[in-house]
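Worksheet for the structure shown next.
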Amino acid sequence: MRNIVLIIGASSDIGMGFIRSIEDNCLILAHCHNSCDKLTQLSNQINNKMIVLKGDLSSEKKLTDLMDEIEKKYGVPNKII
């Protein structure tokens with residue numbers, strides 16, 4: 001089974017550090033709210049496949065919608081950071 005890693009707030013310095021540190025062959029789902037440009041640039045520098053997910057998580061409905069979309073398109077993440 002392929003690891004699916006969801007990183008909330010991935011465009012932060014901590015999130016970017018986590019992405020750089022992942023050595024497993026996995027799918028990284030990198031969440032950001034507004035500025036996703038750093039993640040797009042980082043995706044070209046790592047060995048893992050990374051999908052950038054832009055989303056506002058300020059309400060329970062928006063969070064639920066994002067999780068439903070992730071499960072439908074990519075499967076259930078087995079690691080969430």
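What the table below lists for this structure:
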read-out: Dipole magnitude of the chain, debye to nearest 20 (Cβ charges: Lys/Arg +1, Asp/Glu -1, about Cα centre); value: 160 debye
read-out: Fraction of accessible area attributable to carbon and sulfur, the chain (%, probe 1.4 Å); value: 49 percent
read-out: Helix-only CD estimate at 222 nm, as mean residue ellipticity for the chain, using -39500 (n - 2.57) per DSSP H run (n ≥ 4); value: -11500 deg cm²/dmol
read-out: Which labelled figure in [x] 1.48; [y] 1.02; [z] 1.21 is Cα Rg over 2.2 N^0.38 Å, once derived from the coordinates; value: [y]
read-out: Reachable lysines, given that their alpha-carbon falls under 21 Å from the alpha-carbon of LYS49 and they are not under 8 places away in the same chain; value: LYS38, LYS72, LYS73, LYS79
read-out: Note, ³J(HN,Hα) from phi for segment 8-17, Karplus 6.51, -1.76, 1.60, rounded to Hz, x at Gly and Pro; value: 7, x, 5, 7, 6, 4, 5, x, 5, x
read-out: Cys with no candidate disulfide partner in the chain (beta-carbon separation under 4.7 Å rule); value: CYS26
read-out: Accessible area expressed per residue, the chain, with surrounding protein chains retained (probe 1.4 Å, Å²); value: 64 Å²
read-out: Segment 1-48: relative contact order as a whole-number percent, Cα under 8 Å and 6+ apart; value: 44 percent
read-out: Candidate aspartates and glutamates for bridging to LYS54, where Cα separation is under 15 Å - those fewer than 8 sequence places away on the same chain excluded; value: ASP37, ASP65, ASP68, GLU69
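The values are calculated or read from the model by the stated rules, or taken from the named source; none is laboratory data. Just so it is clear, the model here is predicted, and its values are computed rather than measured. FYI the Cβ positions are ideal-geometry reconstructions off the backbone, even for glycines, and counts take in every protein chain you see. Just so you know, the surface numbers come from the protein's heavy atoms only, side chains and all, with ligands and any DNA or RNA stripped out. Shrake-Rupley method; radii C 1.70, N 1.55, O 1.52, S 1.80 Å.
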